[in-house]
Amino acid sequence: MLKEDLVSIIMPTYNSADFVEESIESILSQTYTNWELIITDDNSTDDTRLILQRYASEYKNIKYFFLYQNSGAGYCRNNSIKHAQGRYIAFCDSDDRWVPEKLERQVKFMHEKKCCLCYSSYYTCDEESNLNGIVKVPPKLTLKSMKHDNKIGCLTGIYDTSFFGKFYMPPIRKRQDWAMFLNIMKKCEVAYGITDPLAYYRILNNSISRNKHTLLKYNAEVYSSIFGYSKFKAYSYLYFMFMPSYMLKQVKNKYYSKKLRRKLRKK
């Protein structure tokens, strides 16, 4: 494979000992082999560092960095992006997994579409890796549709640096991935998706993302930081544009997830 087609995979870790091996193994199983995995650990206090050291000593294309002060997932991702050498930047959190064909299909798809940003549908699973749902994505997104709500799962997003260079996570506490994808789409205007699920998103019992109400202020902060909206305009857009779009997406996801569970029970 061509050197310019190297994919840099960005992974933040923090006390990820229970799941990070599964995540790394899913990357090692990729049919597309021209990749580097760059991990930044956010000052873990469990065995995460020992696991990362073991993998990095065994595989030359796995690199890791350790922070000595807890700084958040966005900071960790940015540190890894800074050290990335690839044409493509992809994201996989330390509790998520990819299907083996993910990178191969997305890189080929991006070549065909000549697009800067690509994403896919993905499955959801519980802490024991039991499949429990699916998030279906549209085949095409515009800046306007992404502005309504985040329709790209970070674990499926890939962008091509040959278009506009590297993009980093903005310095906001939450929703940095959505903010970054919006900044990319302000440049490229259109992103393309693969509607087949290519990854597994793990829903943790104590995940803050499960409480959507606590995240409302962070969604409003995205509108302020990325589009320069006043607080009043940001919250107005949140309630009158974001919320209806988000609720419709949730209804669709529940419908497709119910169909998936019914199909799994028949097996």
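The table for this structure:
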{"quantity": "Any hit, the stretch 72-95, residues being of a type in the set (A, V, I, L, M), in a loop (DSSP other than H, G, I, E, B), under 23 Å from Thr156 (Cβ atoms) and open to solvent by less than 20 Å² (accessible area, probe 1.4 Å)", "calculated": "yes"}
{"quantity": "2 or more residues closer than 22 Å to Tyr88 by Cβ and open to solvent by 50 Å² or more (accessible area, probe 1.4 Å): qualifying strands (runs of 3 or more DSSP E) within the stretch 1-68", "calculated": "62-66"}
{"quantity": "Condition check for Thr40: within 26 Å of Cys116 (Cα to Cα) and in contact with a strand residue (DSSP E or B) (Cβ under 8 Å, 6 or more places away or on another chain)", "calculated": "yes"}
{"quantity": "Unmet requirement for Met180, which otherwise passes all of (1) surrounded by 15 or more Cβ atoms within 10 Å (Cβ to Cβ); (2) within 18 Å of the chain's Cα centre (by Cα); (3) assigned to a loop (DSSP other than H, G, I, E, B)", "calculated": "(3)"}
{"quantity": "Filter result (open to solvent by less than 70 Å² (accessible area, probe 1.4 Å) and part of a helix (DSSP H, G or I)) within the stretch 222-234", "calculated": "Val222, Tyr223, Ser224, Ser225, Ile226, Phe227, Ala234"}
{"quantity": "Restricting the stretch 138-173 to residues that are assigned to a loop (DSSP other than H, G, I, E, B) and in contact with an Asp or Glu (Cβ under 9 Å, 6 or more places away or on another chain), the residue that is most open to solvent (accessible area, probe 1.4 Å)", "calculated": "Arg173"}
{"quantity": "Checklist (1) closer than 18 Å to Val7 by Cα; (2) surrounded by fewer than 22 Cβ atoms within 10 Å (Cβ to Cβ); (3) touching a Gly at 6+ places or on another chain (Cβ under 8 Å) applied to Val135, failing item", "calculated": "(1)"}
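The values are calculated or read from the model by the stated rules, or taken from the named source; none is laboratory data. Since we're looking at a predicted model, the values are computed, not measured. All Cβ positions, even for glycine, are placed from backbone atoms using ideal geometry, and neighbour counts span all protein chains on display. For the accessible areas, the whole protein counts, side chains as well, though only heavy atoms, and no ligand, DNA or RNA atoms are used. Shrake-Rupley method; radii C 1.70, N 1.55, O 1.52, S 1.80 Å.
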